[in-house]
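Quick notes on the structure that follows.
Laboratory data are not the source of any read-out in this text; all were calculated from the coordinates shown. Everything numeric here is computed off the predicted structure, so don't read it as measured data. When we count neighbours, we look across all protein chains shown, and the Cβ atoms used for this are built from the backbone with ideal geometry, even at glycine.
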Amino acid sequence: MSGEKVPSTVLTPDAGQPSTSTEPNPVKKVSNRRSFLKRSVIAGVAAGVGTGILSRGVPAFAQTASSKSLSPGDVAILQFLAAAELIESDLWTQYAELGGIGDLPPIEVDPNEKLNPYQIALSNLDPDGPQYIASNTLDEVSHATFLNVYLQSRGAAPVDLSQFATLPGSTAKGSTGQLRITNLMQLNVDTSWYVRYRSVANPNAGATFPQAITLNGVTAIPRSDADYKGASNPNFAGNDHIQAIANVAAFHFGQIEQGGTSLYAALSQKVTDPEVLQVTLGIGGDEIVHFLEWVDFSGNGVQAPIAPFTDAISGLTFPNFFSPLDPLIQPSLIFPVPFEFKPNLPNVAMIRPVVDEFAGAQAAVTALTASGLFIGQSTQFFDTLSVLAEAADNAQRG
């Protein structure tokens, strides 16, 4: 089901560059619907047009958790994070079906089957790339499952976005063909994170960063078996078309995981309950682990022997970031460069941004929408995310 589309201009929180989107504005005020949705979230309505909140019954395996009820702010934070992890699980499952390998329940992968061209292209970036994708997927699914059960264990309503799985996905061999929440085939990948972590400027103070490479209106997965075919690339053993798709995916991996890294850091500052803080810091730390891997992974696609190359089919060009060398996009700088937290303090290496304006729940929804990840989604979907995000950002410690 697709809602009415209205053109809107959305700013990505990092690059500060407008991108035209046909999705409904995720942060616009929708008086009657928003009011109803907000009441639905608070009341834990089990069905209807809200967030798809499930039954408040507590599974047997969750009964050992603390019975102390949570503050409304902590519930709002956990519910938004659960929604975010369901979205991540949906997109990572698509990557895992086509590019992953290894232990992928409930995805069945034959370890003896020959790698498909997409898996080979990902392996060109790192021989363990398909396994990393499988592991990242498993982690995100565990986050979503845990957060929902944890909410129930503390007497709060979990989140279910399954009613929004309406988008057709890839038809390439390996895809289950099921309907999706997210769209990986028309992305505007924000690559400004690649520059931000190599810069001394402070995004918490509003500093913006250019795109490391322009990736607009591109697919990050093979859309059909036709994408497995392409012209040979003389620079490496593979074809440039599927390699370009894998390179897009690599930068998208980084965008998604750095977003989660900042989101957990921003929302953790609002948490009241000590156990909830353990949860948000713990899962946020796992997002950091993911992010660091994809920093290195994406950089391998913009240096020899992969780059430079141009995909004649899509027109995408991936230069060699070492030629000429620019410290702001240097692939070997995979750790955060120390930046200016405050003018009167020494530079320090840390996660950034970590403030609501650029890293909070509403900023995350805006950035994901601008990326094209939700192209084709309904107005109801955007209203749901907006309500959850606003509630999470409005939470206050204590």
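With both labels modelled 7 Å from their Cα along Cα-to-Cβ, the PHE341 to ASP296 distance reads 2.6 nm. Full extension of the chain segment joining LEU115 with SER323 gains 71.7 nm, where the gain is 0.36 nm per residue of separation less the Cα-Cα distance. Once the Cβ-Cβ distance of PHE146 and ASP225 is raised to the sixth power relative to R0 = 56 Å, the FRET efficiency obtained is 0.95.
Counting every other Cβ atom within 10 Å of each residue's Cβ, THR219, THR145, THR214 order from fewest to most as THR214, THR145, THR219. Of the residues VAL354, VAL348, VAL337, the one with the fewest other Cβ atoms within 10 Å heads the list, and the complete ranking is VAL348, VAL337, VAL354. Near ALA265, once Lys and Arg are set to +1 and Asp and Glu to -1 for all other residues with Cβ below 10 Å from its Cβ, the sum equals 0.
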